[in-house]
Each structure stands twice: as C-alpha cells, then as structure tokens.
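Please read the structure below before turning to the comments.
The values are calculated or read from the model by the stated rules, or taken from the named source; none is laboratory data. All values reported here derive from a predicted model rather than from experimental measurement. Quick reminder, even Gly has a Cβ in these numbers, built from the backbone with ideal geometry, and neighbours come from all protein chains shown. We work out accessible area using only protein heavy atoms, side chains counted, and drop any ligands, DNA or RNA first. Shrake-Rupley method; radii C 1.70, N 1.55, O 1.52, S 1.80 Å.
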Amino acid sequence: NVTWDVPGPGSAQSMPIGNGDIGLNVWVETNGDLNFYISKTDAWSEDNRGSWGLLKLGRVVVSLNPRPAVTPFLQVLKLRTGEIQIKESGTTYRIWVDANNPVIRVEAQSKKPVSMTVRLNNWRTVSKNKISADSILSGQADKITWYHRNLSTADIHVANLTFGAIIKGNNLVNSSDTTLKSSSPSASHLISIYPLTAPNSTSGQWLAQLNQKVGQIDDLNLEKSRSAHQDWWNQFWHRSWIFVRGDSTAIKTTQGYILQRFVTACGGRGAYPIKFNGSIFTVDNPSLILAGGKEAGLVNADYRTWGGQYWFQNTRAMYWPRLQAGDFDMMLPLFNMYAKMLPDNAKQVRKYYKHEGSYFAETKPFWGGLVYAGPEVKEDWTLHYFTPILELSMMMLDYYEYTGDTEFAKKTLAPVATDGLTFFDKHFTRDEDGKLLLDPDNSIEMYWKVHDPAPDIAGLKAVLPRMIDLPDELIDKESKSNWIRLLGEIPPLPTGTSNEKPVLLPYTGPQTAKFRNSENPELYAVYPFRLYGSNNPDLQLALNTFFARKMTFKGCWSQDPVQSAMLGLSEVAKSYVSFNFNSKDPRLKFPAFWIQKNDYAPDEDNGGNGEMGLQQMIMQTNGKKMLLLPASPKEWEG
C-alpha cells in the first residue's frame, strides 16, 4: 500500500485509481476538500492526433461543512481491495471505481452529521486548441450532467463523439447546474458518478443511453457491488506476484513492479490501449519544458507531449509483461485496435503497391492508416518502417501459447500474421541468390532506408517457423507451403566484427548510415524476437553484440533491462531494472508516476520495461522449456 500523512496541494500530489477504463487522480487540498480528475480511455477530442487528444472528463470537488481538520491526515491506496481511503479528523472517505460496472463511488462516513457540497469544476468553457467547449445541462433534478461533443467537422473517426457523466448522491440536491448540496446534514454520504462515451450519437441520444445505464446501475446492491469489486482485485493479485528481498534496491524494485502493474490494471481494460505518454493519469503541469529546452509554461491535465497517436515501439513496452503476469484481459485492447486497422491498411497497400498484404505504421491514431512509402520517397523516422506487424505477430503467438485460445488464433492472430508475412513476401524483390532483398527499409527509427535491416530479418526468422508449426485447423496447407518457401529465402542476420570479436550488425553492408535515435536495432534478435538468449545457441555472439552496443542510456523506452536479463547478465539487468523503478518524477508524489524522460509523465514505458526486465531475470521460456533464475543477482532472493 501507499500511505501519505500530508494532503496536497494540487494534482501533482494525486493517487491513481481506476477500473481499467475509467480513472481518477485523487488528492486532498490543504483546506480539506477532496478533489479528483475523471478520465476515460476513449475520451478522444477533435485534436486526437495532437497534444490535447485524450481529454479528462472533468474535475470534481467535494467539501464538507463543517470542514474536518486535516490534522491528523491519512490517505491510503489499498491495493488488495482497489480503493483509496482518506481519513480527515472525524471523517473517512472510501473512493473506488467499480471493477465490474462503469461507475465511480465516493462514500463518506462522519462521526457527526455534516453537510456535503459536490461541485463540477469545468475548464473547457470556450473553444480552444481546436477543441470545442463542453456543455452543462440546465434544470437537472438532483444531479449534475455535462458532456463534451466533438464537432461534426472533426476527423470522421471522432466527429460527433460525445463523452461526459452524471453525478448523483444520496440526500443531494442542486444549488446550481454545477453544484449539489445536502438537503440536510448526515453522518453518511454516497456520491455516484456515471461516465459514458458514445460514438456518432446526438447529445439527446447520448443522454438517453446514459440515463438507461444509470438506472441499471442504481438497481444494483451497493454492498454486493463493492464485494464483487474487491473480489476482482483479489483475483487479480493472485494471478501472479513477484516479491524481491535482499539488498537496499530490492524493496524499491518490488514496490515499483507492483505499483506499475496496478497502474496498468487501472487503465488497461478500456476501449483502447494504454497511452505510453501518461496513460489516463496525466496531471496539471505548471512548468512544461518542450524538446530543446523551450519553456511552454502552464498546461492543464488534458495536455500530453507526443499527443494522442500510438507509437508501437512505445506502446508495446506495457504489453509484453502482461504475458508472464497472466494479465491476458489487458492485452485485448491492443490486439483489437491493430486488428481493426488491418482491412483498411490492406486496401491502401493494394492501392499504393498493387499487391496483397498489410502492415502497421509505427505512428498512427487508433484507426490506423498508411502513407505511400515507395523507394523514391525521401527517408523519414517511420516511413520505410515495417517492423511493428512482425513484433505484434510475435506477441500474439505468445498470447495464443499462453492461453490456448483457438478463437483468438483464428480471428485475430492468423489474419494479422498472414497479412504481415504476405506484405514482406510481395513488397520486396529478391537478390541474385534468390534471397529476400529488404531495401529500402528502415532499421527501426535508428537508421533510415538501409539494406537488409536486422529487426525485420530477425522478425521473419522468429515468426515464420512458429506460424508454420500452428495446427492445421488454424492455418491452411497452402499458406504453410508458401511460408516454408519464404523462410528459405530470408537472408542471414547481418554480422561483422567489433574489437576483433564477431557481432550482429543493425543492417547489411558498410556501416555508414547516420544514426538518428538512441536504439540498438541489432539487439532485436535478442528482444523482442528471442533468436539469441540464455536458453539459445550462440550466446557469445549476442553477448559480444550487447557489450558493443552504441546506446546505453537508462530508463524510459530503453530495452537494455530486458535484453541484459535475457542474456543472463544479472548485475547489468539489476542495474537497469532498479534504475527504472527508482525513476519517479520528482514533481509527482505517487511513487510509480515515472519521470517523462523521452515521453510524458507519468511515463508508462519506464515501468513496463522495468516489469519485463524483472520477469526475465526470474524466468525465461523458449517454447515449452523454462529457465528459472537465469539472471538473478546473488544479492536478491524472493
């Protein structure tokens, strides 16, 4: 548990809580008022590609009269039951977001009867930053109702999208359109908030749909709902666990792992995948510094650097650890989003290149889309970058092997992987030896338009045999025959020497390409594609490559925590993993709100790579083989 004995001020001093789709940043101001931001995984604005793409629904302020003293004060995140408990003098709050229903509950118990005021703080009162103003309904009976409705002129995928909520409470009546007050003092209070996002509906249809959901939820028994909510969290914590004991880094590493998994559970079961740049827990930033050191000043909690689009390389960091943690339900939003992109992307491939197959752009909004990337087009960070569909196929294959879900394999894995392999087969020519000629092709974002980049070769060598080995009821014999032929056409991984030792290279040919980023693409053969590792042949080649790597920075999306663990380098892995789990943003109070580094706070890449690195230190798998404690340092035990 996380325990604080001093209140706010401000959202930087907030704790996260959520049910996978709806999230809260909860804090108490120094005057004793309870505050929280409400967020949702599908609250997309008109600026969905930009810095204001995924909005908060609003801010709620709860006041008591007389106000309780804030000394003594206690705020506890109770992980086991998925709730926040706050004690101020004679009043106790219980705040939770129902794990099984779309409702926020705030329960308050006081030793003496008190009056309560609940106020909606709405800051989107005028159109700004391409975003229209919110609407607050007038004349509501004993409730506050508000919504944001995207303009009809917005991108077709978010046009007219409507999201907002209703606030109701026992013994609460309206004193204004944005304020509820107790009709009489009471020692017991219950506030219920019902968020809803509805696509392509009028505001009236949105309200009718929300009122229907409110009625259904109000028919539930509160005690039974709370019990079922606590059961969900209890089962979640019993799926898997890691507790590390030993030296001074062990406790921080354990806490970091547990809290990152909690934050992921709070935002990982919604309509869309987790945003690497803050998830749904962004807060007000009074002193934003942009790239290059430019000061942007104050931005509110709607803002996030790197905007509303999905970067696959960043997004994947939160999802690889879900496999060994057993959090399979949280992987489905990622898989579903990319699977939905597939048909339209395939149409664009046919239009641009006159062949079959598909791929996913490294950077795109949730509905996907591609830009023409023929060989004559000028190089770019992500234009000639085709790797994501191979890595997603690898992750989907793992998901199928972990779960045995044949329905998923038929409807999701097989179409995605098949289209990806078809794209590589059809899109690239062959060299004079009949080998696939991957040119021009980015070696991820690091080297642009190079020859036979290592990540794509490693991905094809890893994915093709696994697809060929799938049961015949999942994959037809013609496809397998084509893949056997394609596997024989894959060129070898590029190799060279460094300090007179053999190493893997990021691409084939003279190593003259300018490096653009801080990545080591040659090590994709270790992670994510697992051709080399502690349990694989030719380990020394991979070790030579790791120690010769150009980029060694720590934190954020660096893959070194995972790759070092997979290579059995226990002390290196410990150094990287413990660094990740000590990288709290100094401006933010919650210990798993990681510093933004290359992303935006709270940075989810940092925690995800820390999770994956720690898991690989403890257990690695290769097919059905299992390797225990392959990179566990002697100072740690568990």
Taking segment 110-133 and keeping residues of a type in the set (A, V, I, L, M) and touching a residue at least 40 places away in the same chain (Cβ under 8 Å) leaves Val114, Met116, Val118, Leu120, Ile131
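Every residue, every condition in (1) in contact with a Cys (Cβ under 6 Å, 6 or more places away or on another chain); (2) loosely packed, with under 13 Cβ neighbours inside 10 Å; (3) touching a residue at least 40 places away in the same chain (Cβ under 8 Å); (4) not aliphatic (A, V, I, L, M), yes or no:
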| site | (1), (2), (3), (4) |
| --- | --- |
| Ser192 | no, no, yes, yes |
| Leu196 | no, no, yes, no |
| Trp206 | no, no, yes, yes |
| Gln260 | no, no, yes, yes |
| Phe276 | no, no, yes, yes |
| Phe281 | no, no, yes, yes |
| Gly293 | no, yes, no, yes |
Picking from Phe236, Phe243, the residue that is farther than 23 Å from Asn35 by Cβ and in contact with a Ser or Thr (Cβ under 9 Å, 6 or more places away or on another chain) would be Phe243
Just name the residue that is nearest to Lys56 (Cα to Cα) out of those in segment 260-293 that are touching a Leu at 6+ places or on another chain (Cβ under 9 Å) and basic (Lys, Arg). Lys275
Scan segment 166-174 and tell me whether some residue there is in contact with a strand residue (DSSP E or B) (Cβ under 7 Å, 6 or more places away or on another chain), in contact (Cβ under 8 Å) with a residue 24 or more places away in the chain and closer than 20 Å to Ser45 by Cα. yes
Close pairs (7 angstrom Cβ cut-off, 6 or more residues apart or separate chains): surrounded by 13 or more Cβ atoms within 10 Å (Cβ to Cβ) in segment 224-246, in a strand (DSSP E or B) anywhere: His229/Trp96; Val244/Trp636; Gly246/Trp636; Gly246/Glu637
Between a first residue in segment 470-489 that is touching a residue at least 24 places away in the same chain (Cβ under 8 Å) and under 17 Å from Leu436 (Cβ atoms) and a second residue that is open to solvent by 50 Å² or more (accessible area, probe 1.4 Å) and not in a helix (DSSP H, G or I), which pairs have beta carbons less than 8 Å apart while being 6 or more apart in sequence or on different chains? Glu489/Arg430; Glu489/Lys435
Residue count, segment 556-584 (criterion: closer than 14 Å to Gln260 by Cα and in a loop (DSSP other than H, G, I, E, B)): 4
Set Ala12, Ala69, Ala43, Ala99: member being hydrophobic (A, V, I, L, M, F, W, C), open to solvent by 20 Å² or more (accessible area, probe 1.4 Å) and within 27 Å of Arg261 (Cα to Cα): Ala12
Among the residues of segment 311-320, is there at least one that is touching a Ser or Thr at 6+ places or on another chain (Cβ under 8 Å), part of a loop (DSSP other than H, G, I, E, B) and farther than 20 Å from Phe163 by Cα? no
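Please specify each residue of segment 551-567 satisfying the condition of being open to solvent by less than 40 Å² (accessible area, probe 1.4 Å), farther than 18 Å from Thr497 by Cα and either more than 23 Å from the chain's Cα centre (by Cα) or not charged (D, E, K, R) (or both).
The answer is Gly555, Cys556, Ser558, Gln559, Pro561, Val562, Gln563, Ser564, Ala565, Met566, Leu567.
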Only one of these is at pLDDT 95 or above, crowded, with 24+ Cβ neighbours inside 10 Å and closer than 19 Å to Leu298 by Cα: Asn19, Asn25. Name it. Asn25
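Can Gly369 be described as of a type outside the set (Ser, Thr, Tyr), modelled with pLDDT of 95 or more and open to solvent by less than 10 Å² (accessible area, probe 1.4 Å)?
Numbers: of a type outside the set (Ser, Thr, Tyr): yes; modelled with pLDDT of 95 or more: yes; open to solvent by less than 10 Å² (accessible area, probe 1.4 Å): no.
It is false that Gly369 is of a type outside the set (Ser, Thr, Tyr), modelled with pLDDT of 95 or more and open to solvent by less than 10 Å² (accessible area, probe 1.4 Å).
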Exactly one condition in (1) closer than 15 Å to Ala43 by Cβ; (2) among the charged types (D, E, K, R); (3) part of a strand (DSSP E or B) is not met by Arg124; state its number. (3)
Just to be sure I understand the filter: pairs with C-beta atoms under 8 Å, separated by 6 or more residues or on different chains, first member in segment 382-400 and touching a residue at least 24 places away in the same chain (Cβ under 8 Å) and within 19 Å of Phe428 (Cα to Cα), second member acidic (Asp, Glu) and open to solvent by 10 Å² or more (accessible area, probe 1.4 Å). Which pairs pass? Thr382/Glu445; Tyr385/Glu445; Ile389/Asp419
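Could you check how many residues of segment 528-550 are hydrophobic (A, V, I, L, M, F, W, C), over 20 Å from Met318 (Cβ atoms) and open to solvent by less than 30 Å² (accessible area, probe 1.4 Å)?
4
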Which residue out of Ala69, Ala99 is touching a helix residue (DSSP H, G or I) at 6+ places or on another chain (Cβ under 9 Å) and outside any strand (DSSP E or B)? Ala99
Residues located in segment 28-40, provided they are in contact with a Leu (Cβ under 8 Å, 6 or more places away or on another chain) and either of a type outside the set (D, E, K, R) or at pLDDT below 95 (or both): Val28, Gly32, Phe36, Tyr37, Ile38, Ser39
Give me the residue from segment 587-621 that is β-branched (Val, Ile, Thr) and not in a helix (DSSP H, G or I) and, out of that set, farthest from Pro633 (Cα to Cα). Ile595
